[in-house]
Amino acid sequence: MYEMHVGTAVSGTRRVWHVVAHDQRATLCGRPLEPVEDTQTDHHCLPCMSAFQRLMQAAQPA
């Protein structure tokens, strides 16, 4: 199971949605989870989304 968490973008200070595997302490792009009060953003972490896409494609039956 995967969850979405807001955190700092890999490339700066902008807030983005990261993908996190259940019970993990880091995002799929490797950023540590941090407590965030402001969860207002429409932006997504591209490295997390790319990693998530690869994981979902690998899980597809052949």
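The values are calculated or read from the model by the stated rules, or taken from the named source; none is laboratory data. The structure presented is a predicted model; accordingly, all values stated were derived computationally and were not measured. Cβ placement follows ideal geometry from the backbone for every residue including glycine, while neighbour counts extend to all protein chains displayed. In case anyone asks, the SASA skips ligands and DNA or RNA and just uses the protein heavy atoms, side chains included. Shrake-Rupley method; radii C 1.70, N 1.55, O 1.52, S 1.80 Å.
Numbers below:
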item	result
Listed residues Glu37, Glu3 arranged by accessible area, highest first, probe 1.4 Å	Glu37, Glu3
Order by protection proxy (mean Cβ within 10 Å, highest first), peptides 54-61, 26-33	26-33, 54-61
Cα centre as origin, Lys/Arg/Asp/Glu Cβ charges: the chain dipole, Debye	260 debye
Lys/Arg +1, Asp/Glu -1 at C-beta; the chain dipole; positive extreme among Gln53, Tyr2, Ala21	Gln53
Listed residues Ser50, Ser11 arranged by accessible area, highest first, probe 1.4 Å	Ser11, Ser50
